[in-house]
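Where a number appears in this text, it was derived from the coordinates with a stated rule and is not lab data. In this text, all values refer to a predicted model and were calculated from it rather than measured experimentally. Don't worry about glycine lacking a Cβ; one is built from the backbone with ideal geometry, like all the others, and counts go over all protein chains shown.
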């Protein structure tokens, strides 16, 4: 009896409803396929993206310090082999050809490669947010996408800069604390985790808020960003456990480092898009809703225009119910 009541209560709880609707939206939008495509594009954009982030953060701490911080973070994510593979990718991409023309060409290629992945992120988020950008002229649309993408790179570089400052401060304070109170070192580990979690949450919130062609309140993105950050943190442990128990190196040989990076990128893309689905569902259910930006249109508006009927969409995006609509002719 008690078990049945608990089950009924859990089924009607807001958290259960949010998670259930998020899963339904995830399946409907084919988000796992979007994540696979995003992981594929990210692999090719990873080296130029990291180089630009290192260059931005390196203005204060230097290129070597910024690169070392990224490699150390990668070791915690994908292990020694994957981190060394990323380091080799960065070093190879930084060894550009000599000459003015070759240097200019390398810089343009670097910029396009680094910003390309954010264009794919934006398309995936627009699909999840059920938004279609309005057609723009080729040059204007291209430049707008690249400016937004470059702004995100600047933000990531700034967050890396904050991470470097916080890591240096925590390391110095941790050494002092260990000398005075050796048994309280766990406090610094907890503080380090909280800072890392906060920076990651801020990064996800900025992407959910800024990158897609929508108007969404900051209050509606924080919960989804925090859940994404939590899943990202759990994923670090799970991927490390999987790589430690599996035989990836023996199965793929020389390509094992690339496979390790691909596994990490694919998982990260999955949880990132799941967090986006959760944010969209939360905003439309309990928040202020998701509205298309000036240069975009929501799917209900596009649907009504194609059908030649009046637009009845509310401020909350509510596309035609593709799951439960079985009243059409011929069905």
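Sorted fewest first by neighbouring Cβ atoms within 10 angstrom, 216, 60 come out as 60, 216. Projected label points at residue 64 and residue 111, each 7 Å from Cα along the beta carbon direction, are separated by 3.0 nanometres. The length gained by stretching the chain between residue 215 and residue 189 to full extension, at 0.36 nm per residue less their Cα-Cα distance, is 5.6 nm. In terms of other Cβ atoms within 10 Å, 266, 282 run from fewest to most in the order 266, 282.
Treating r as the C-beta distance of residue 179 and residue 20 and R0 as 56 Å, the FRET efficiency rounds to 0.60. Maximal additional length on extending the residue 148-residue 294 stretch stands at 51.1 nm, based on 0.36 nm per residue less the C-alpha distance.
The ranking of 188, 52 from fewest to most other beta carbons within 10 Å of each one's beta carbon is 188, 52.
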